[in-house]
Amino acid sequence: MKVALSWLKKNTKTVVFVFLTVLVLLLIALGFWLKIRGFKISNLLYKLQEAEAKNEINHLQVKQAVLLEKDTVATAEVKELKGQIQVEKKKAETARLKVKGLSSEELADELTNLGF
């Protein structure tokens, strides 16, 4: 035991260097593994935006259905809701396409093809 402690005291810098090197290599390996799996924070943000847009679409569609049920429906309100629904659908579609990793030009072309 005394021999091990004296060796550790004598080679403290080497032991710390080896330990830190192993730690850095593990972090690099973890980074590459996450990169290969396609884990990106931006993808999570786009998925969150897509979910929020879908939630808003559902809310607006319910609101539109309630307005259409009433007898005193203003067509301007219904048209406004349809416009808002279209905007939210565009947001959801944009977020969905961004998750696929499309560039800005490809995204614009795709949205144009979809009628937005």
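The values are calculated or read from the model by the stated rules, or taken from the named source; none is laboratory data. Computed from a predicted model, the values in this text were never measured in an experiment. With ideal geometry, Cβ positions are generated from the backbone for all residues, glycine too; neighbour counts draw on all protein chains shown.
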I want to confirm something. Restricting to segment 48-78 and keeping residues that are of a type in the set (A, V, I, L, M) and under 15 Å from Glu88 (Cβ atoms), which single residue is farthest from the chain's Cα centre (by Cα)? Val62
Residue check: is Ala53 surrounded by 13 or more Cβ atoms within 10 Å (Cβ to Cβ) and modelled with pLDDT of 75 or more? yes
Return yes or no: is Thr72 exposed (fewer than 11 other Cβ atoms within 10 Å of the Cβ), out of contact with any His (no Cβ under 6 Å at 6 or more places or on another chain), in a helix (DSSP H, G or I) and modelled with pLDDT under 75? no
